[in-house]
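Here, each number is a calculation from the coordinates, and none is a lab measurement. Computed from a predicted structure; not experimentally measured. Positions of Cβ are backbone-derived with ideal geometry, glycine not excepted, and every protein chain shown enters the neighbour counts.
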Amino acid sequence: MHDDTSPTNPGRPRLLSTLVDEVRRASAAVAHAEAARTRALAEAGHLALDVMAGLCASSRAAELALREVASEIAAAENISDRTVQTQIGRAMALVDDYPETLSAWEGGVLTRAHVGVILDIGSPLPVDVRAEFDALAVTTAEGLSPGRLRSRLAVLAERLHPTTLTERHRRGRDTRCVRITTGHDGMSDLVATLPTVLAVGIYDRLTHQARALIDHRLDGPDASADERTTAQLRADILADLLLTGSPGADPTRTDDGPGTLGAIRARVQVIVPALTMLTPDRENYDPAELIGHGPIDAETARTLADATTVPWDRVVTHPITGAVLHTDTYQRTTALDRHVRARDRHCRWPGCTVPAIRCEVDHTRDYALGGPTDVANLAHLCQRHHTQKQFTRWTVTQHPGGILHWTSPTGRTYADEPLPYSPAVRFLPDDPPPPDPDDDGMPPPF
């Protein structure tokens, strides 16, 4: 009997290709329907506000009018009126402030996730610059996953803010707190609101400590005794650290010291433009960036630069395109790794945002097959996508400039380009000519 499901069956890729096309058609139809629902919700919200407009309504009355409309829709759809009221608010914001985003969503160019990113990043912006942000967001979103779009848009949004990131970060620090939300089955959520660099560092340290425990478990004599997942280990180690001051779960510890886990320190990958360091008042135009998470304020970036004992890589970029040309440092490190890390910044699988410091350096063309160990044949891949490259039918080729072309089992090709750095030279329009003193402002007679 012939096995149609065999990976060697030549008909299988064609079948998968058909399914991919069907998924994309369905996604476009869903996007169109979701955009249509958004327009209807926005119209319902505007209807409620229009009814109240002639009554000198207070903000409380306007809120009640929206609640009334939301309750009507919620009852018809058997969902929460609070949920519908939130949806109405986001729908009105899309229709009023992000018309190009809404049109692109309606046309199937953007997904709900992309639209959510644009709304989230654009919400802190003043209303008078949202139209410009809307146009930039739709243009930037082309070919990007929501994760990568978020980091790109965060940088663009900074340039439109009337105040610097440092000023807003100082205000934002006042909101730092720890809160607890009681859950079910004797469980609760402990939530800490912290500066992003600290939060990412804490999460990174917990992750490395959890992985150290897993490695010890796999290599140790009691390999089957502990079956906790990485997520569960993060939670257990965090509790140990907060309650005892050191990770008591460390099986390698032989005394009352911190042990192997306690010696693990967090790692974050930060890019700090030289001009941002020298002229903080221009930080919005070219902000420092925490890779995988977006811009950080210049004050935090300078603090990291002053405090770290890890050598900083100097990245020389093309003044027009922003492409990486050269890297150097005063320390004796591997120049090749520095260059590729500076170029890639994150995993080079299309859409992946795992920072390069957590990735593996992969030979695009296998070393065993004669692939050279140079910039033109190396790229960062996270463990998941490195494995996928090795053990699935996906293939990849690298082109000049570090551009990777990924080919799927169905023959589709997806390009992933390194994100260029901001150019050092920027062109401005010429000044308008001075007015003619003999010009009376009247048009010529013919």
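How would you classify the range 66-200 from its alpha-carbon gyration tensor, with a ≥ b ≥ c the square roots of the eigenvalues: rounded for a/c under 1.5, else prolate if a/b is greater than b/c, otherwise oblate? If you can, show how the numbers build up before the last one.
Details: a/c = 1.71, a/b = 1.03, b/c = 1.67.
Judged from the Cα gyration tensor, the range 66-200 comes out oblate (a/c at least 1.5, b/c at or above a/b).
At a 10 Å Cβ-Cβ cut-off, how would you order Ile73, Ile237, fewest neighbours first? Walk me through the numbers before you get to the answer.
Values: Ile73 18, Ile237 23.
If I rank by nearby Cβ atoms, fewest first, I get Ile73, Ile237.
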Return the FRET efficiency for the residue pair Leu15, Val191: r is the Cβ-Cβ distance, R0 is 45 Å, and the value is rounded to the nearest 0.05.
-> 0.45
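How would you rank 283-293, 144-154, 167-177, highest first, on the average number of other Cβ atoms within 10 Å across their residues? Spell out each step's value before the answer.
On the way: 283-293: 22.5, 144-154: 19.5, 167-177: 11.8.
Ranked from most to least packed, the peptides come out as 283-293, 144-154, 167-177.
Within 10 Å of each residue's Cβ, count the other Cβ atoms and sort Tyr414, Tyr421 from fewest upward.
Working: Tyr414 15, Tyr421 21.
By the 10 Å Cβ count, ascending, the order reads Tyr414, Tyr421.
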Would you mind computing, in nm to one decimal, how far apart the modelled labels at Ser71 and His318 are, each placed 7 Å from Cα along Cα→Cβ?
-> 6.1 nm
Quickly work out the Asp120-to-Asp215 label distance, labels modelled 7 Å from Cα along the C-beta direction, and quote it in nm with one decimal.
-> 3.1 nm
When the chain is fully extended, how far beyond the present Cα-Cα distance does Leu325 get from His32, taking 0.36 nm per residue of separation?
-> 101.2 nm
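What does the charge add up to near Trp105, with Lys and Arg as +1, Asp and Glu as -1, over the other residues with Cβ less than 10 Å from its Cβ? Could the numbers behind the result be given before it?
Numbers: positive: Arg112; negative: Glu34, Glu100, Glu106.
Its environment carries a net charge of -2.
Want the number for Arg365 to Arg159: 0.36 nm per residue separation, take away the alpha-carbon distance, what's left? It would help to have the intermediate numbers written out before the result.
Numbers: separation 206, 0.36 × 206 = 74.16 nm, distance 3.94 nm.
Between Arg365 and Arg159, full extension yields 70.2 nm more.
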Among Glu100, Glu22, which comes first, second and so on when ranked by fewest other beta-carbon atoms within 10 Å?
-> Glu22, Glu100
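Specify whether the C-alpha gyration tensor of the range 120-186 places it in the rounded, prolate or oblate class, a ≥ b ≥ c being the square roots of the eigenvalues: rounded for a/c under 1.5, otherwise prolate if a/b is larger than b/c and oblate if not.
oblate
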For Arg37, what is the net charge nearby, where nearby means another residue's Cβ is under 12 Å from its Cβ and Lys, Arg count +1, Asp, Glu -1?
-> -1
For the range 354-370, list residues with backbone N below 20 Å from a point placed 7 Å from the Cα of Leu336 toward its Cβ?
-> 356-370
